[in-house]
Amino acid sequence: MSESTPITPNSNQAEALDSEAINPGEEVTAITDRSAKTRQLLGMKGAAPGETSVWKIRLQLMKPITWIPLIWGVVCGAASSGNYTWTLENVLKVATCMLLAGPLMTGYTQILNDYYDREIDAINEPYRPIPSGAISLPQVITQIWVLLIAGIALAFGLDVWAGHEFPTITSIAIIGSFIAYIYSAPPLKLKQNGWLGSYALGASYITLPWCTGHALFGDLSSTIVILTMFYSLAGLGIAIVNDFKSVEGDRQLGLKSLPVMFGITTAAWICVVTIDLFQGLIAAYLVSIHENLYAAILVLLIIPQITLQDMYFLRDPVKNDVKYQASAQPFLVLGMLVAGLALGHAGI
């Protein structure tokens, strides 16, 4: 009986298997790179530098992540009008209004802000397109003008579509573009003042798109304007959240944001109290007009915001600003819609 041949591993096969094995470190790096590139396109903090496509750079300048609240504001305005119905024409009107509020007017605002903040961004976010040199200043200025002119033209088209005798939506677009200019540009540069700048930003995110959506389907009354401006005081708190990421650059260049004026901890408390208090007062107003169910839902949406403020924001507002906004803002914007539905139901 012959001796059996021992079985030995095939070294070539083993090498082949090793070469095909996934390196955990490389996999993590690839995921991180994809995340950084996504952040770059959305205009978020922690983006990846080195983009060469001019169209992707132009999109990054417009910060698509910031369009969402204004697009939602249009929905809330349509709800508060009490006249929105699910027809094809109305859906197209809302979609067109979202295009106006988001890519055009917000895109214009964000690029204008980046243009005048290029020195601050060179300190806080040097990977941004302008301080990194990825796009020239003449190209930036051209994009600002294209978006502004297209936005005002589309606003006028919506006025015609809605049958307005007075160009309400066009007027809102012009007011909004003016606020955007004085917010970012000298000599006023409202963002140099923590209170005025934060409120201007909050009103731009709530009052302007809300009133636009309302005017598209109903008569824009002074009551709606005042209520949305009051609601914008909660938006002031959201605007303060955005100041924590640039506190170092603001301090160096003498900009009086609230974190610079009051310090990180005090500014964080001002932020959360403002967000919660004015939502609560809106809920109280809904009770006063006998919309008790909507008021109760709004209060229930405030509770998780308070919980997330304690879990993330108040513990480290600089580190957790993005995490807090991602987790808490959905409850804030749902509360806005609840308030809009309540106003539409009450016929305000």
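The values are calculated or read from the model by the stated rules, or taken from the named source; none is laboratory data. Since this is a predicted model, take the numbers as computed values, not measurements. For neighbour counting, all protein chains shown are included, and Cβ atoms are generated from backbone atoms with ideal geometry for every residue, glycine included. In case anyone asks, the SASA skips ligands and DNA or RNA and just uses the protein heavy atoms, side chains included. Shrake-Rupley method; radii C 1.70, N 1.55, O 1.52, S 1.80 Å.
Remark: spin-label model distance Met311-Thr265 equals 2.4 nm, labels positioned 7 Å along the Cα→Cβ axis.
Applying 0.36 nm per residue to the separation of Ser288 and Thr52 and subtracting their alpha-carbon distance, the gain on full extension is 79.4 nm. Taking only the Cα atoms of segment 69-183, the ratio Rg/Rh comes out at 1.06, with Rh defined as the Kirkwood radius.
Over the chain, accessible surface divided per residue gives 49 Å², non-protein components excluded, 1.4 Å probe. Taking θ as phi - 60° and the Karplus parameters 6.51, -1.76 and 1.60, the scalar couplings of segment 259-267 work out to x, 6, 5, 10, x, 4, 5, 5, 5 Hz in sequence order, x denoting glycine and proline.
From the square roots a ≥ b ≥ c of the eigenvalues of the alpha-carbon gyration tensor of segment 194-280, which class results: rounded (a/c under 1.5), prolate (a/b over b/c), or oblate? Prolate, because a/c is 1.5 or more and a/b exceeds b/c.
Set against the labelled values (i) 20.8, 66; (ii) 24.5, 107; (iii) 24.3, 84, Rg and Dmax of the Cα atoms in Å computed from this structure falls on (ii).
Heavy-atom surface analysis with a 1.4 Å probe gives the chain a carbon and sulfur content of 66 percent of its accessible area.
Which order do you get for Tyr183, Tyr108 if you rank them by accessible area with a 1.4 Å probe, largest at the top?
In descending accessible area the options line up as Tyr183, Tyr108.
Working from label points 7 Å from Cα in the Cα-to-Cβ sense, the Ala346 to Phe166 distance is 2.3 nm. Computed on segment 194-348, with alpha-carbon pairs under 8 angstrom and 6+ residues apart, the relative contact order is 21 percent. Helix 222-243: angle to the longest alpha-carbon principal axis of the chain, degrees 0 to 90, nearest 10? Roughly 30 degrees, rounded to the nearest 10. Per-residue packing, averaged as other Cβ atoms within 10 Å, sorts the ranges 317-326, 207-216 into the order 207-216, 317-326, beginning with the highest. Once the Cα-Cα distance is subtracted from the 0.36 nm per residue extended length, the Leu188 to Asn242 segment shows a gain of 17.4 nm. A simple spin-label model places pseudo-atoms 7 Å from Cα toward Cβ; at Lys256 and Gln139 they are separated by 3.8 nm.
For segment 174-190, putting each phi into the Karplus relation 6.51 cos²θ - 1.76 cosθ + 1.60 with θ = phi - 60° gives couplings of 5, 4, x, 5, 5, 4, 4, 5, 6, 5, 9, 9, x, x, 6, 6, 4 Hz, in residue order, rounded to whole numbers and with x for Gly and Pro.
Could you order Ser132, Ser257 so the one with the most accessible surface comes first? Probe is 1.4 Å. It would help to have the intermediate numbers written out before the result.
Working: Ser132 60, Ser257 5 Å².
Of Ser132, Ser257, the descending order of accessible area is Ser132, Ser257.
Along segment 274-291 the Karplus relation, 6.51 cos²θ - 1.76 cosθ + 1.60 evaluated at θ = phi - 60°, assigns HN-Hα couplings of 4, 4, 6, 4, 6, 5, x, 5, 5, 4, 5, 5, 5, 4, 5, 9, 6, 9 Hz to successive residues, with x for each Gly and Pro.
Ordering Arg118, Arg128, Arg315 from largest to smallest accessible area (1.4 angstrom probe), what's the sequence? Let's see the in-between values first.
On the way: Arg118 80, Arg128 5, Arg315 165 Å².
Largest accessible area first, the list is Arg315, Arg118, Arg128.
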